[in-house]
1. From the Cα gyration tensor of segment 32-189, with a ≥ b ≥ c the square roots of its eigenvalues, which class applies: rounded if a/c is under 1.5, or else prolate if a/b is larger than b/c, or else oblate?
2. For LEU170, LEU163, what's the fewest-to-most ordering of other Cβ within 10 Å of each Cβ?
3. So, counting K/R as plus one and D/E as minus one, what does the shell of residues with Cβ under 13 Å around ASP65 add up to?
4. Among GLN45, GLY78, VAL103, pick out the residue whose Cα is farthest towards the positive end of the charge dipole of segment 42-103, where Lys and Arg carry +1 and Asp and Glu carry -1 on C-beta, about the Cα centre.
5. Give me, ordered by chain and number, the residues 5 or more places off THR7 or on other chains with an amide H under 5 Å from its own placed amide H.
6. Taking all pairs of different Cα atoms in segment 1-70, averaging 1/r and flipping that mean, what Kirkwood radius in angstroms comes out?
7. Using Cβ contacts closer than 10 Å as the measure, can you line up GLU85, GLU179 from fewest to most?
8. Based on other C-beta atoms within 10 Å, arrange GLU111, GLU167 from fewest to most.
Amino acid sequence: MPQSKNTIRLAADLQTDSIVDGPGLRTVIWTQGCSHHCKGCQNPQTWDFNGGGEVPIKDVLEAIDELEYQNGITFSGGDPMFQPEACTKIAKYCKDKGYNIWVYTGFTYEEIIKMSKTKKIYKEFLKYIDVLIDGRFVLKERDTNILFRGSTNQRLIDVPKTLSSDEIVLFDESKYLEEKNKVTRKTYV
Ligand code: SF4
């Protein structure tokens with residue numbers, strides 16, 4: 001069924017306090033719909049484009065207004081790139097409220113840039129994203145020791161730096177881990 005411009009199809013309610021979908025305490029927006037069908041996907045129930053539920057975007061924004069103690073917002077799914085208009089509206093709202101934005105997608109960054117040549121909204125969505133975790137989940141490259149992603153082909157891309165330099169710049173994992181260790185030491189010393 002075609003979706004209204006003012007709604008987003010979600011797989012679940014917003015999930016607060018996640019510590020595995022990016023740095024800090026994060027709220028995850030679980031989008032519904034994905035055609036990548038990666039072997040070993042942990043969320044195959046999110047593939048169906050008619051599954052989940054259609055939710056007014058204003059309800060999502062109201063839920064964002066009520067968040068407490070969250071460091072950032074993560075779009076996951078499903079694949080948020082199948083609903084770029086709705087995700088862009090929500091991402092802009094979150095960004096204006098000071099949240100950093102991480103987005104998981106099965107598309108590669110290069111594929112998104114290619115898609116943006118005919119559909120400008122993709123470029124607009126990228127403008128609000130701090131880190132893009134890109135690429136399909138590849139079961140034979142699965143690694144449980146890597147940061148915030150499932151398989152080694154996936155990248156943590158620093159989107160603002162990548163957009164401004166026109167070449168892929170990765171999120172600085174070692175700096176992040178160093179900062180995290182400092183905080184942990186301060187807490188326990
Ligand atoms: S892109 Fe993500 S949600 Fe889609 S099939 Fe692959 S792992 Fe599952």
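FYI, it's all coordinate maths here, none of it is from the lab. Computed from a predicted structure; not experimentally measured. Cβ placement follows ideal geometry from the backbone for every residue including glycine, while neighbour counts extend to all protein chains displayed.
1. Rounded.
2. LEU170, LEU163
3. -3
4. Of GLN45, GLY78, VAL103, it is VAL103.
5. Hits under the 5 Å cutoff: ILE57.
6. 13.3
7. Fewest to most other Cβ atoms nearby, the residues stand as GLU179, GLU85.
8. The fewest-first ordering by Cβ neighbours comes to GLU167, GLU111.
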